[in-house]
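The values are calculated or read from the model by the stated rules, or taken from the named source; none is laboratory data. Fair warning: this is a prediction, and the values are worked out from it, not measured in the lab. Note that each Cβ is placed from the backbone with ideal geometry, even for glycine, and that neighbours are counted across all protein chains shown. For the accessible areas, the whole protein counts, side chains as well, though only heavy atoms, and no ligand, DNA or RNA atoms are used. Shrake-Rupley method; radii C 1.70, N 1.55, O 1.52, S 1.80 Å.
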Amino acid sequence: MENEIILETKNIIKDFPGVRALDNVSFYLKEGEVLGLVGENGAGKSTLMKILSGAYPFPSYSGEIFWKGKKCEFSRPKDSEETGIAIIYQELNLIPKLTVAENIFLGREPTVGKTGIISWKRLFNQAKELLNLLNISIAPDENIENLSIGKQQMVEIAKALSYDARILILDEPTSALTDHEIESLFKMINSLRERGVSMVYISHKLDEIFEITDRVTVLRDGKTVGSKLTAELTRQELIAKMVGRDIKDMYPKQTVQINEAVLEVKDFFVNHPFLLGEKVVREVNFQARKGEVLGIYGLMGSGRSELLTAIFGSFPADSAGEVCIEGKRTDIRSTHQAIDYGLGLVTEDRKLFGLVLGMGVGENVTLSSLEKLSWYQIIRKQQEHEVIEKYTQSLKIKTPSSETTVGTLSGGNQQKVVIAKWLATDPKILLLDEPTRGVDVGAKVEIYQIINGLTKKGVAVVMVSSDLPEILGMSDRILVMHEGRMVKEFLKGESTQEKIMFYATGGNDGS
Ligand SMILES: Nc1ncnc2c1ncn2[C@@H]1O[C@H](COP(=O)(O)OP(=O)(O)OP(=O)(O)O)[C@@H](O)[C@H]1O
Ligand SMILES: [Mg+2]
């Protein structure tokens, strides 16, 4: 039986100052289908979903939305929610200090008779029932702050479904999940699909799109370019539709002459942030050489991000060991000193450490290189302008102007601003933590080209990534971390995904 269309949009137009985010988008979703929504950074995916969830209320957009063939208008999130649409944003919206049950039924807690007093027993029972139904093994009385990101997301989904949602929108749901959590999420998606729930799945991870979706719709520059059943689509075709050109080589690694070590890390330790006496990085020793891309692979929790952040001087009181730069021992006690030594760090969490969201694109780009651009505290405007121009162009940052507030850029474009900021400091050693997370396929290749350019200039690039093909495709040498230790080194061409995973998951060769 052909499933019916449950939701349809016609000619949606949405403007922001200086940019048309959606330009006549028509789109439909059938009952019980998982629709992949893909497109470059800034294509309009999140904006379209925010319109469907009532976050951008009518009439801030034009065009029509139909629910089961009937025209509807959402003037606030509640309207969309009551219709049966739930959205899980990438930044989760739970209250950390409250329990799972309280979060799920916030504002709708069952009360004792008509007293207005919360019936905790019924609250926890209701939550338990719902979690059981969804096969989620989380205790309803657990505090949200004690749960991993993956579990928190499950709670968000449970909450969404407690409103009896018929459509669930997932905007880049797996970017902070472990492989295991992704597996559970996919199980959940499959069982919801069986129960007739429709889903929109947004992701830049094309493997996921091919694994979990039934159909794919591609947006480009605010327009729908096409829609096809996933089974009838090839990867090449999908990429070409997204970026408007063929990408032949996803990993255009250029090997250059590798010279002496510029960074040497010896017997490095980092303390656990709150467990006294525990360590998240233990006895780590490694070198990074001029012109080299050193890939570091580790599962979530292996200490990979802590290692980079600590080398960069972020926790001087909680890390110990030697860091030598160009053969000289350093005593980096702050990130400011790290920058003076020629280090740069592109962080994993751009919202927390990477950007000042309320400031302009340009200001963010030059944030870490102001000293270089200043002359006795006076910023040389012309030079600053040139730097901003150079990087917004070479990284193809999509922004109406360099004054535009960074927080309004699409996720992937924010990531490019973080990278631009560190390139502008002209580092000798660039530490990259998940540099292409949330970045579209085309822009990924651009970032790899930038890495090539850096190594050609003799920069040492240390890249932590949980994207195995990226690690394999771009590294000259690969280190594998497990539980805070470096457990294996592979030279270029020696490793495979399977071999890396073996060591990353605690396997050892007995030596
Ligand atoms: N609140 C806002 N104010 C101004 N411009 C915005 C706002 N939100 C989005 N935009 C702009 O609208 C366009 C579409 O952005 P959107 O976030 O929908 O892209 P996206 O497809 O989700 O991209 P990504 O894959 O990077 O998340 C971009 O050019 C973006 O800069
Ligand atoms: Mg988005």
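For the chain, the longest principal axis of the alpha carbon atoms and the long axis of helix 149-162 meet at an angle near 10°.
Along its three principal directions, the equivalent ellipsoid of region 5-243 from the Cα gyration tensor extends over semi-axes of 32, 21, 15 Å, largest first. Computed with a 1.4 Å probe over protein heavy atoms only, the accessible surface of the chain comes to 46 Å² per residue. Computed from Cα atoms, the angle from the helix 411-423 axis to the main principal axis of the chain rounds to 10 degrees.
Here the chain is treated with +1 on each Lys and Arg Cβ and -1 on each Asp and Glu Cβ, and its dipole about the Cα centre works out to around 780 debye. For the set 396, 14, solvent exposure ranked by accessible area (probe 1.4 Å, protein chains only) runs largest to smallest as 396, 14.
What translational diffusion coefficient, in µm²/s and rounded to a whole number, does the Stokes-Einstein relation yield for the chain at 25 °C and a viscosity of 0.890 mPa s, taking the hydrodynamic radius as the Kirkwood radius over Cα pairs? Mind dumping the intermediate values first?
On the way: Rh = 24.6 Å.
For these conditions, the coefficient is 100 µm²/s.
Here the sum of -39500 (n - 2.57) over DSSP H runs of 4 or more residues, divided by the residues of the chain, equals -9000 deg cm²/dmol at 222 nm, to the nearest 500. Of the beta bridges in the chain, as assigned by DSSP with both residues counted there, near 60 percent are antiparallel. Amide H to amide H, with H built 1.01 Å from N, residue 477 comes under 5 Å of 293, 295, counting only residues 5 or more places away or on other chains. Against the empirical 2.2 N^0.38 Å (N residues), region 358-425 has a Cα radius of gyration ratio of 1.02. The H on the amide N of residue 22, modeled in the peptide plane, is under 5 Å from the matching H of 14, each at least 5 residues off or on a different chain.
Quick one: in region 182-292, what % of C-alpha pairs are over 25 Å apart? Numbers along the way, then the final one.
Numbers: 3441 of 6105 pairs.
Taking all Cα-Cα pairs of region 182-292, the fraction more than 25 Å apart is 56 percent.
At a 1.4 Å probe, what is the % contribution of carbon and sulfur to the accessible area of the chain?
On the way: 11810 of 23470 Å².
The nonpolar share, carbon plus sulfur, comes to 50 percent.
For residue 368, the accessible surface of its heavy atoms amounts to roughly 30 Å² (probe 1.4 Å, protein chains only, rounded to the nearest 10).
Select from region 238-279 those chymotrypsin sites (Phe, Trp or Tyr not before Pro) which occupy a DSSP coil region and have at most 15 other Cβ atoms within 10 Å, ordered by residue number. Intermediate values should be presented prior to the final figure.
On the way: sites: 268, 269, 274; in loops: 274.
Of the chymotrypsin sites (Phe, Trp or Tyr not before Pro), the ones in loops of region 238-279 whose Cβ has at most 15 other Cβ atoms within 10 Å are 274.
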